[in-house]
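Let me begin by presenting the structure, written as structure tokens, before commenting on it.
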Amino acid sequence: MVDPAPPIQFGLYRLLIAFVQHALRLQELEDLEDALELGKFDVSVFEAYAKEIGWHRFDLFDPQHPFMQTRPFPDDAKQTMSVVNMFYHLPAGTNVMHFFHMGEKDHAVSPAVAARALCSIAPFMTSGGAGYSPSINGTPPWYVLAVGTSLFQTILLNCCVMHISGLGHEAPPAWASDEVLVPKQEKSAESLVQGWTWQPRRVRLLPSDGGNCTYSGRHSSVLIREIIWGPGFKFAGHDGWLDPHVAYSLDAKRGRLALRPREDRQLWRDYGPLFLLREAEAGDVKFARPAIVDQLSLLKDEGIVPDDTAEQFEVYGMRVDKAKVFEWHFERMPVQTPVLKHPEAGVQVQHALDLAERIAAALHRSLKLLYPRSGGGNAKALDGIIRRAQAQFWTRLEPIFHNEFVRELGRQKVGDEEARRALLAAWKKSLREVGWRCFNEASGALETGADALRRQVLARNTFSAALAKLLNETSTVSEKGVTSR
């Protein structure tokens, strides 16, 4: 099963991961090792599991336990809405920013398409007005998926057997639970599979006459035009929930905060937190990479999977403001095993990216000086030019980071101080060259009168001084973090 929309695609992965983890009762590293050694899934095990749970619970239209839906309620007739409400990338209600040649009530989808959309509710559901709480991770975060050589391997590599404090294995996934959903009831998750199949919405598909599916274009004997839709569970256990596919920043005051998509921030700029930085590593800001990345590194250390396994990750995200969806993301990110396993890689990468952030900020401050009175009286003076310059700065740095910095880091031996200094020096050289190139292009596009030339000299001198301060310092990277002198 595939879908062109990244939120639905990741939702399908999560469903399969939760199903396999619960069906195979994967709880310890040895369980995962045994499953991987088989090389393929034993279908008879899944058939026995479905029989034990009850085949009817996997029926989309079961009258009492419809799959990944809620049971009938007495007031269902008052809760009907268009099926389009299950799709983040189709216009519905006030979320009309997406261009589509169809009205909200004209959508009709096949059961297969509706089932795929159901899978995306748990990982990506946003808040949606009074009583409509977001799903278990709140505002959707970045989700990291380890990619194996086959679907079999990918699913197992993302089944998490790492110990997560406060989470056990007893609470079942939604399809195996007898708990009746009480709209707006506050509760917490007690297991990973329960969290992965969280029900933030009361939802039930209403079958109707067939025709052509407006999503896939294919004919279907049954179409879903309307659904039952309302508030579901309200998650109240944030302190005890840790999603193994999510990276976190660890704030001393606010606690654990999931990394989320941000406007105009390219994914690779969070390379350290997403793939390398571990909670035990010190520094000004602490991060914890996803537990499944820790698990993959452990599987390689233990020789359970070869080192050349899963050297690529898929990252899914959706940038939102409450119920409004601005954009969704899907990217493939390479992570070489030598870098993944290098104990000093995270600190080095984060130091390099922190330097780049400071250069980008210096570029912004310097270019602002090109406007009379530094933009005084006009808060948005030169904003367009500055945004383009900063965007170019990050766009030009990305291939240097992947093809030069990270690749060289993969060749670096642990404890080789000379190689570490050489790598940092080469990165600083790239920052200087790219920074000046972006500054010159931005400043060259402006007027050239006497006053303008004076402002250019001031801006240039300011940028030069910032580069000298940031790049000519003697920096060291120690086990305790980054220090400068």
Taking region 423-468, which residues are closer than 25 Å to Leu409 by Cβ and among the charged types (D, E, K, R)?
Lys428, Lys429, Arg432, Glu433, Arg437
Testing Arg116 on (1) under 24 Å from His329 (Cα atoms); (2) among the basic types (Lys, Arg); (3) at pLDDT below 95, one condition comes back false. Which one is that?
(3)
Quick test for you: out of Leu151, Leu90, pick the one residue that is among the aliphatic types (A, V, I, L, M), more than 17 Å from Leu206 (Cβ to Cβ), out of contact with any strand residue (DSSP E or B) (no Cβ under 7 Å at 6 or more places or on another chain) and at pLDDT below 95.
Leu90
Look at region 102-114 and say how many of its residues are in a loop (DSSP other than H, G, I, E, B) and either hydrophobic (A, V, I, L, M, F, W, C) or buried (at least 24 other Cβ atoms within 10 Å of the Cβ) (or both).
3
Under the condition of being surrounded by fewer than 19 Cβ atoms within 10 Å (Cβ to Cβ) and within 20 Å of Trp328 (Cβ to Cβ), which residue from region 119-146 is modelled with the lowest pLDDT?
Ser127
Cβ-Cβ below 9 Å, separation at least six or inter-chain, first residue in region 36-52 and touching a residue at least 60 places away in the same chain (Cβ under 8 Å) and part of a helix (DSSP H, G or I), second of a type in the set (A, V, I, L, M, F, W, C) and surrounded by 11 or more Cβ atoms within 10 Å (Cβ to Cβ): which pairs?
Leu36/Phe152; Leu36/Leu156; Leu36/Leu157; Leu36/Leu299; Leu36/Ile304; Leu36/Val305
For Ser188, all conditions in the list (1) over 30 Å from Met333 (Cα atoms); (2) touching a helix residue (DSSP H, G or I) at 6+ places or on another chain (Cβ under 9 Å); (3) surrounded by 19 or more Cβ atoms within 10 Å (Cβ to Cβ) hold save one; what is the number of the exception?
(3)
Could you tell me whether any residue of region 240-251 is assigned to a helix (DSSP H, G or I), within 25 Å of Val161 (Cβ to Cβ) and either more than 17 Å from the chain's Cα centre (by Cα) or modelled with pLDDT under 95 (or both)?
yes
So, in region 361-381, exactly how many residues are part of a helix (DSSP H, G or I), at pLDDT 70 or above and surrounded by fewer than 20 Cβ atoms within 10 Å (Cβ to Cβ)?
5
Just to be sure I understand, how many residues within region 275-312 are in contact with a Gly (Cβ under 7 Å, 6 or more places away or on another chain) and of a type in the set (Val, Ile, Thr)?
1
Kindly establish whether Phe235 is hydrophobic (A, V, I, L, M, F, W, C), in the same structural domain as Ile136 (by TED's automatic domain parsing) and either over 22 Å from Ala356 (Cβ atoms) or without any contact (Cβ under 8 Å) to a residue 40 or more places away in the chain (or both).
yes
Please go through region 416-445 and give me each residue that is closer than 23 Å to Thr337 by Cβ and in contact (Cβ under 8 Å) with a residue 24 or more places away in the chain, ordered by number.
Arg420, Leu423, Leu424, Trp427
Hey, does region 313-332 have a residue that's touching a Gly at 6+ places or on another chain (Cβ under 8 Å), among the charged types (D, E, K, R) and either not assigned by TED's automatic domain parsing to the domain that holds Tyr132 or not in a strand (DSSP E or B) (or both)?
yes
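What do you reckon, is Val180 assigned to a strand (DSSP E or B), among the β-branched types (Val, Ile, Thr) and more than 20 Å from the chain's Cα centre (by Cα)?
no
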Output for region 416-434, where each listed residue is within 32 Å of the chain's Cα centre (by Cα) and farther than 14 Å from Ala352 by Cβ:
Glu433
Could you list, in sequence order, all residues of region 188-211 that are under 25 Å from Gln79 (Cα atoms) and assigned to a strand (DSSP E or B)?
Arg201, Arg202, Val203, Arg204, Leu205, Leu206, Pro207, Ser208, Asp209, Gly210, Gly211
Does region 160-170 include one or more residues that are surrounded by fewer than 20 Cβ atoms within 10 Å (Cβ to Cβ) and closer than 25 Å to Gln64 by Cβ?
yes
Considering residues of region 207-217 that are surrounded by fewer than 20 Cβ atoms within 10 Å (Cβ to Cβ) and modelled with pLDDT under 95 only, the residue farthest from Val180 (Cα to Cα)
Gly217
Looking at Pro343, Pro306, can you tell me which residue is over 22 Å from Ala459 (Cα atoms), part of a loop (DSSP other than H, G, I, E, B) and in contact (Cβ under 8 Å) with a residue 40 or more places away in the chain?
Pro343
I'd like to verify a number: residues in region 54-74 that are assigned to a loop (DSSP other than H, G, I, E, B) and basic (Lys, Arg), how many?
1
So which of Ala117, Ala130 is out of contact with any Lys or Arg (no Cβ under 6 Å at 6 or more places or on another chain), in a helix (DSSP H, G or I) and not aromatic (Phe, Trp, Tyr)?
Ala117
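The values are calculated or read from the model by the stated rules, or taken from the named source; none is laboratory data. From a predicted model like this one, the values you see are computed outputs, not experimental measurements. Heads up, the Cβs are rebuilt from the backbone with ideal geometry, glycines too, and the neighbour counts pull from every protein chain shown.
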